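The values are calculated or read from the model by the stated rules, or taken from the named source; none is laboratory data. This one's a predicted model, so the numbers in the text were calculated from it and none came from an experiment. In this analysis, Cβ positions are derived from the backbone assuming ideal geometry, glycine residues included, and neighbour counts consider all displayed protein chains. Side chains included, ligands, DNA and RNA excluded: accessible areas come from the protein's heavy atoms. Shrake-Rupley method; radii C 1.70, N 1.55, O 1.52, S 1.80 Å.
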Amino acid sequence: MDTTLEGACLCGTVRWRFDRQPSSVVNCHCTVCRRHHGGSYATFAVGSRDGFRWLAGEDAVRRWARSPGFERAFCAHCGVKVPAHAGEEVRMPAGNFGAGYVRAPELHAFAASRAPWIALDDGLPAYDAFPPGKHGTPAPSPVSDLEPGAVGGACLCGAVAWQVDGPPLKMYHCHCERCRKARGSAFATNVFYAFDAFRWRRGEDRVSRYALPGARFFGTASCRDCGAAVPRPQRDRGVAVVAAGSLDVDPGIRPSAHIYVGSSAGWDRIHDPLPRYPEGPPA
């Protein structure tokens with residue numbers, strides 16, 4: 001049986017191959033992974049480093065080290081997270097694999113740091129920190145410099161920071177292929193605010209933006225230095241789209257639905273009772 005797995009970033013510049021099945025698949029809820037990916041959590045397929053190779057674009061891979069012995073890697077063009085080595089292992093964002101990838105996550109790591117809008121109700125083992133057999137020094141949690149009571153966030157390196165001065169409008173889990181690649185996981189969780197409620201606190205000039213060709217609204221925004229996901233204020237739509245994982249605090253809203261589940265990954269399983277829509281939510 002062919003066990004070769006291939007993945008790519010959103011813009012297709014960076015592509016890779018893994019010539020076997022992963023040894024483990026993990027949902028990581030640590031604050032560093034959430035802030036870097038911008039998702040509710042990151043899902044990694046983990047395997048031996050000797051089974052991995054770049055197919056294209058290795059020179060476009062940027063790396064930023066926060067965790068001891070583990071670099072965060074991302075595409076310099078679209079900002080999407082790509083595989084990174086950790087010792088003799090390679091950790092590959094599962095959301096970036098093609099349709100042939102079907103192995104589902106088997107556990108939750110760093111569940112003690114999970115986002116307040118996520119319930120671990122899928123029956124998988126959940127560990128407060130590293131799962132059994134895995135050891136290391138956890139990366140220091142990002143430090144927020146928001147004023148008390150404010151809502152906002154910052155990238156991992158602190159160069160980019162932002163704030164919203166108004167209530168959230170809506171929040172969704174989106175399962176479309178674009179969002180899965182953008183977050184490197186089973187889905188993206190986005191919070192929408194009014195455009196005029198959003199402001200950059202610092203570092204707007206450090207934001208790298210990518211607009212997907214042919215897409216009416218979809219794109220990504222990330223810190224060009226550390227690769228962490230940051231918001232995308234869109235004046236023409238009158239909204240600011242905030243990757244929920246980039247928030248430093250609880251936004252005070254919860255997802256109202258799963259959308260675009262008709263495009264969900266074959267390994268994704270939804271267990272909560274939220275409404276599910278094959279495409280976008282009702283108008």
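A few points about this structure:
- Of all residues in the range 1-33, those satisfying the criterion of being at pLDDT 95 or above and basic (Lys, Arg) are Arg15, Arg17.
- All positions within the range 94-114 that are crowded, with 18+ Cβ neighbours inside 10 Å and part of a loop (DSSP other than H, G, I, E, B): Tyr101, Pro105, Phe110, Arg114
- Residue pairs whose Cβ atoms lie under 7 Å apart, sitting 6 or more positions apart in sequence or on different chains, and linking a residue in the range 237-248 that is of a type in the set (D, E, K, R) to a partner that is open to solvent by 20 Å² or more (accessible area, probe 1.4 Å), are Arg237/Phe217; Asp248/Ser144; Asp248/Leu146.
- Number of the exception - Val143 against (1) β-branched (Val, Ile, Thr); (2) under 17 Å from the mean Cα position of the chain (by Cα); (3) surrounded by fewer than 17 Cβ atoms within 10 Å (Cβ to Cβ): (2)
- Filtering Glu147, Glu177 for residues that are free of Cβ contacts under 8 Å to residues at least 40 places away in the same chain and more than 19 Å from Pro233 (Cβ to Cβ) leaves a single hit, Glu147.
Here's the yes/no breakdown for (1) of a type in the set (Phe, Trp, Tyr); (2) modelled with pLDDT under 95; (3) over 16 Å from the mean Cα position of the chain (by Cα):
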site: Val191; (1), (2), (3): no, no, no
site: Ala194; (1), (2), (3): no, no, yes
site: Phe198; (1), (2), (3): yes, no, yes
site: Arg201; (1), (2), (3): no, no, yes
site: Asp205; (1), (2), (3): no, no, yes
site: Pro213; (1), (2), (3): no, yes, yes
site: Arg216; (1), (2), (3): no, yes, yes
site: Cys223; (1), (2), (3): no, no, no
site: Ala228; (1), (2), (3): no, no, no
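- Within the range 210-235, restricting attention to residues that are in contact with a helix residue (DSSP H, G or I) (Cβ under 8 Å, 6 or more places away or on another chain) and of a type in the set (A, V, I, L, M, F, W, C), the residue that is farthest from Gly153 (Cα to Cα) is Ala215.
- Of all residue pairs spaced 6 or more apart or on separate chains, those with beta-carbon atoms under 6 Å, a first member in the range 21-45 that is open to solvent by less than 10 Å² (accessible area, probe 1.4 Å) and a second member that is of a type in the set (Val, Ile, Thr) are Pro22/Val46; Asn27/Thr43; Ser40/Ile118; Ser40/Thr189; Ala45/Val25.
- Of the strands (runs of 3 or more DSSP E) that lie entirely inside the range 197-253, those containing 3 or more residues that are open to solvent by 20 Å² or more (accessible area, probe 1.4 Å) and closer than 19 Å to Ala76 by Cβ span 207-211.
- Residue in the range 254-283 that is least open to solvent (accessible area, probe 1.4 Å), counting only those that are of a type in the set (A, V, I, L, M, F, W, C) and not in a loop (DSSP other than H, G, I, E, B): Ile259
- Selected residue (only one of Lys170, Lys181 is charged (D, E, K, R), at pLDDT below 95 and either in a loop (DSSP other than H, G, I, E, B) or open to solvent by 30 Å² or more (accessible area, probe 1.4 Å) (or both)): Lys181
- Condition check for Ala65: under 18 Å from Ser185 (Cβ atoms) and either modelled with pLDDT of 90 or more or not in a helix (DSSP H, G or I) (or both): no
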